[in-house]
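The values are calculated or read from the model by the stated rules, or taken from the named source; none is laboratory data. Quick caveat: nothing in here was measured; it's all calculated off a predicted structure. Here the Cβ is made from the backbone with ideal geometry for all residues, glycine too, and neighbour counts use every protein chain on show. Quick note on the areas: whole protein, heavy atoms, side chains included, nothing else; ligands and nucleic acids left out. Shrake-Rupley method; radii C 1.70, N 1.55, O 1.52, S 1.80 Å.
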Amino acid sequence: MAPLNQSFSLKLAALLEQVYPDLDSAILSSQVIEAFWPEGSHRRKRGRVPGNNQWSERDSLLITYGNSIVDGQHKPLDLLHDFLERHLKGVIDGVHILPFFPYTSDDGFAVTDYRAVNPVLGDWADISRIGSEFKLMSDLVLNHVSSQSMWFNAYLQGHEPYHKFFFEADPSDDLSSVVRPRTHPLLREVETVNGPRHVWCTFSHDQVDLDFRNPEVLLEFLRVMRLHIDMGVRIIRLDAVAFLWKEIGTSSIHLPQTHAIVRLMRLLADYALEPVILLTETNVPKAENLSYFGNRNEAHAVYNFSLPPLVLHAMMAGTARYLNRWQGSMPPAQMGCAYLNFTASHDGIGMRPAEGLLTSAEVDQVIGMVRDFGGEVSMRALPGGGEAPYELNITWYEAMKGTFDGPDHWQFDRFMTSQTLIMALEGIPAFYIHALLGTPNDHEGVEKSGHNRAINRHRWDYGELNTRLSDPETVQSRVMNELLRRMSVRRKQPAFHPNATQFTLQIDNRLFGLWRQSLERDQSVFALHNVSDDALTITPQSINLIDGEEWVDLLSGEHIDPAGSEITFAPYQSRWISNRI
């Protein structure tokens, strides 16, 4: 292998010294390089410079499990591939296949083998085939591993190097400041060949936290990253990364070593021949979440976690007051960075990102309506005792069933508005398969599994699904076809580039409005979304429509007169008014 570029060498050594100050950074650097670029592989001579050419207005993602579609006969990954080809190709160009590895619990997030595809789903050839046609995202579940994995069994038996792979603590340690996403006891007592030990379990007692103080753990995950890249993965989602580094007596979240490890992974990605994007999954309040952009040297993209609870509130309350206030204070993503915008996901609607954005009374109202619409509420333990809502468990379509006044007949229109405004925002839009399909709550799944999240993890029979999609009167057909129609419009607009200029319009609290301008400054789009069941009017002058240009609503085809007296909005109508047709 050619000599290392000095800048790369210095950056790598500096990061390793920050994480492992007591170890030889030169030796560790060589081990990192060997793990990520094994013999026979190559890297770039110069790292990629952060820019806005890593994505475009044509980019979007579908989020799905490998077995969200089944038929009892074919491999689920074959069915997923057929669904993508048949229905989404040319409109949605990326797919996040949630953990597709062998696992024991948490629908894939308690991994037993990071190097294998769950044979119930298919094999690596199926993953690579999807990756050859769609921009593929995979999960690097790097905070924890299944208690039934080979790694943990080897730890229990004292086998090297796994005997130091897991984070141990003592019940007498001061753990009062630890930030918790769950309510179960943090420590689990296990019997090892060296006697009883207490292992750290952030998410469940079947998901045992790894100890990154041991550099062998980091090296192992770099090897796993390389495998995924070689198999066609181009977006790597760092699952639960905020909890990666622990220190007794601290909050054990967002610690400096965690950020340094993300920067190290970004450095490797920037020197990879393949165009690899890192996405951090940190379901936390805004400032903490945005910290993972670093100085354009950590994540390429972060989830816009405050969006789901704020959009949910706006649609239920009929006012974008809180959404407008928050969006107006959001910084544009730095060059080389992007937001991933979504409403629904495989998890519930996280409530921590709403902290400080919604009042407790507003949160209580939302929780009450979610329960009224058949949803569930999952709690988390608070430092020092007590509990607080962690996430709301409901399908997004069912959450759009009504407002604070109760159910009504606007469900479809309300749902479409909630998705359309996501498409208009600065960033890359992502759609969970059960939002794309307007899936109802799966109460049977909750009853069978005993887990609230199962309500939004339905498995569609492919024959039944295709029958519904071929019938224009079904919810599934209406929702998917209209979403795809709007996405087809979106992907043709340069003003919707993930890094195109954005300004939040403060016109009417019932409207969520954005001005987007293309990077070349040759297109403006005024994206206006009525989040209420009121009919509204605004003047062209209120959004500064320039006279002398031709303006058209891209969604309806209606021409808008900039010298006219008013622009009308039906309940829950969205308009994308552009000067470029």
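I'd like the residue in segment 438-450 that is open to solvent by 40 Å² or more (accessible area, probe 1.4 Å) and touching a residue at least 12 places away in the same chain (Cβ under 8 Å) and, out of all such residues, is farthest from the chain's Cα centre (by Cα).
To start, the set of residues in segment 438-450 that are open to solvent by 40 Å² or more (accessible area, probe 1.4 Å) comprises 440, 443-444, 447-450.
Still in the running and touching a residue at least 12 places away in the same chain (Cβ under 8 Å): 440, 443.
Numbers: Pro440: 21, His443: 24 Å.
Only one residue tops the list, namely His443.
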Quiz item: Is it fair to say Val479 is touching a Phe, Trp or Tyr at 6+ places or on another chain (Cβ under 8 Å) and of a type in the set (A, V, I, L, M)?
Solution: yes
Practice problem: Give segment 186-205 a look and list any residue that's touching a His at 6+ places or on another chain (Cβ under 8 Å) and either within 18 Å of Gly249 (Cβ to Cβ) or among the aliphatic types (A, V, I, L, M) (or both), or say none. | Solution: Leu187, Val190, Thr202
Practice problem: Would you mind telling me which numbered condition in (1) open to solvent by 20 Å² or more (accessible area, probe 1.4 Å); (2) in contact with a strand residue (DSSP E or B) (Cβ under 6 Å, 6 or more places away or on another chain); (3) of a type in the set (D, E, K, R); (4) under 26 Å from Leu310 (Cβ atoms) Glu566 fails? | Solution: (4)
Practice problem: With the condition kept exactly as written, say whether any residue in segment 502-513 is of a type in the set (S, T, N, Q), open to solvent by less than 50 Å² (accessible area, probe 1.4 Å) and touching a residue at least 40 places away in the same chain (Cβ under 8 Å). | Solution: yes
Quiz item: Within segment 30-37, is there a residue that is at pLDDT 95 or above, among the polar types (S, T, N, Q) and not in a loop (DSSP other than H, G, I, E, B)?
Solution: yes
Quiz item: Do you know which of the residues in segment 35-77 that are touching a Lys or Arg at 6+ places or on another chain (Cβ under 9 Å) and of a type in the set (D, E, K, R) is least open to solvent (accessible area, probe 1.4 Å)?
Solution: Asp59
Quiz item: Taking interchain pairs and intrachain pairs at least six residues apart, which have beta carbon atoms under 8 angstrom, with the first residue in segment 484-501 and farther than 9 Å from Glu426 by Cβ and among the polar types (S, T, N, Q) and the second at pLDDT below 95 and open to solvent by 10 Å² or more (accessible area, probe 1.4 Å)?
Solution: Gln493/Arg580
Quiz prompt | Residue that is open to solvent by less than 20 Å² (accessible area, probe 1.4 Å), farther than 23 Å from Tyr103 by Cβ and either aliphatic (A, V, I, L, M) or part of a strand (DSSP E or B) (or both), where the choices are Val178, Val208, Val190, Val199 | solution = Val178
Self-check item: Among (1) at negative phi; (2) surrounded by 17 or more Cβ atoms within 10 Å (Cβ to Cβ), the one test that Gly427 misses
Solution: (1)
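A quick yes/no check of all residues on (1) surrounded by 20 or more Cβ atoms within 10 Å (Cβ to Cβ); (2) under 21 Å from Gly94 (Cβ atoms); (3) of a type outside the set (Ser, Thr, Tyr):
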position: Leu279; (1), (2), (3): yes, yes, yes
position: Ala287; (1), (2), (3): no, no, yes
position: Asn297; (1), (2), (3): no, no, yes
position: Ser306; (1), (2), (3): yes, no, no
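Taking into account only those residues within segment 75-110 that are assigned to a strand (DSSP E or B) and under 19 Å from the mean Cα position of the chain (by Cα), which is farthest from Ser149 (Cα to Cα)?
Residues of segment 75-110 that are assigned to a strand (DSSP E or B), as a first pass: 94-97, 103.
Okay, now just the ones that are also under 19 Å from the mean Cα position of the chain (by Cα), so 94-97.
On the way: Gly94: 30, Val95: 27, His96: 24, Ile97: 21 Å.
It comes out as Gly94.
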Exercise. Scan segment 529-563 residue by residue and report those that are open to solvent by 50 Å² or more (accessible area, probe 1.4 Å), at pLDDT 95 or above and of a type in the set (A, V, I, L, M, F, W, C).
Key: Ala535
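Based on what the data block shows, is Thr250 surrounded by fewer than 17 Cβ atoms within 10 Å (Cβ to Cβ), of a type in the set (Val, Ile, Thr) and not in a helix (DSSP H, G or I)?
Working: surrounded by fewer than 17 Cβ atoms within 10 Å (Cβ to Cβ): yes; of a type in the set (Val, Ile, Thr): yes; not in a helix (DSSP H, G or I): yes.
So Thr250 fits the description; yes.
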Exercise. Count, please, the residues in segment 1-23 that happen to be modelled with pLDDT of 95 or more, assigned to a loop (DSSP other than H, G, I, E, B) and surrounded by 12 or more Cβ atoms within 10 Å (Cβ to Cβ).
Key: 2
Self-check item: Subset of segment 297-318 [within 16 Å of Met416 (Cα to Cα) and assigned to a loop (DSSP other than H, G, I, E, B)]
Solution: Gly318
Quiz item: Taking the condition in a helix (DSSP H, G or I) and either modelled with pLDDT of 95 or more or open to solvent by 20 Å² or more (accessible area, probe 1.4 Å) (or both), does His259 pass?
Solution: yes
Quiz item: Does segment 460-478 contain at least one residue that is of a type outside the set (S, T, N, Q), within 25 Å of the chain's Cα centre (by Cα) and under 20 Å from Ile349 (Cα atoms)?
Solution: no
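Please pick out the residue among Val141, Val117 that is surrounded by 23 or more Cβ atoms within 10 Å (Cβ to Cβ), under 22 Å from Trp151 (Cβ atoms), among the aliphatic types (A, V, I, L, M) and within 22 Å of the chain's Cα centre (by Cα).
Details: Val117 fails: surrounded by 23 or more Cβ atoms within 10 Å (Cβ to Cβ).
Exactly one residue qualifies, and that residue is Val141.
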Exercise. Would you check if there is a residue in segment 223-240 being surrounded by fewer than 22 Cβ atoms within 10 Å (Cβ to Cβ) and closer than 22 Å to Asp24 by Cα?
Key: yes
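Tell me yes or no: at least one residue of segment 151-161 is within 22 Å of the chain's Cα centre (by Cα), touching a residue at least 12 places away in the same chain (Cβ under 8 Å) and open to solvent by less than 10 Å² (accessible area, probe 1.4 Å). Spell out how you get there, then give the answer.
Filtering segment 151-161 down to residues within 22 Å of the chain's Cα centre (by Cα) leaves none.
No, segment 151-161 contains no residue that is within 22 Å of the chain's Cα centre (by Cα), touching a residue at least 12 places away in the same chain (Cβ under 8 Å) and open to solvent by less than 10 Å² (accessible area, probe 1.4 Å).
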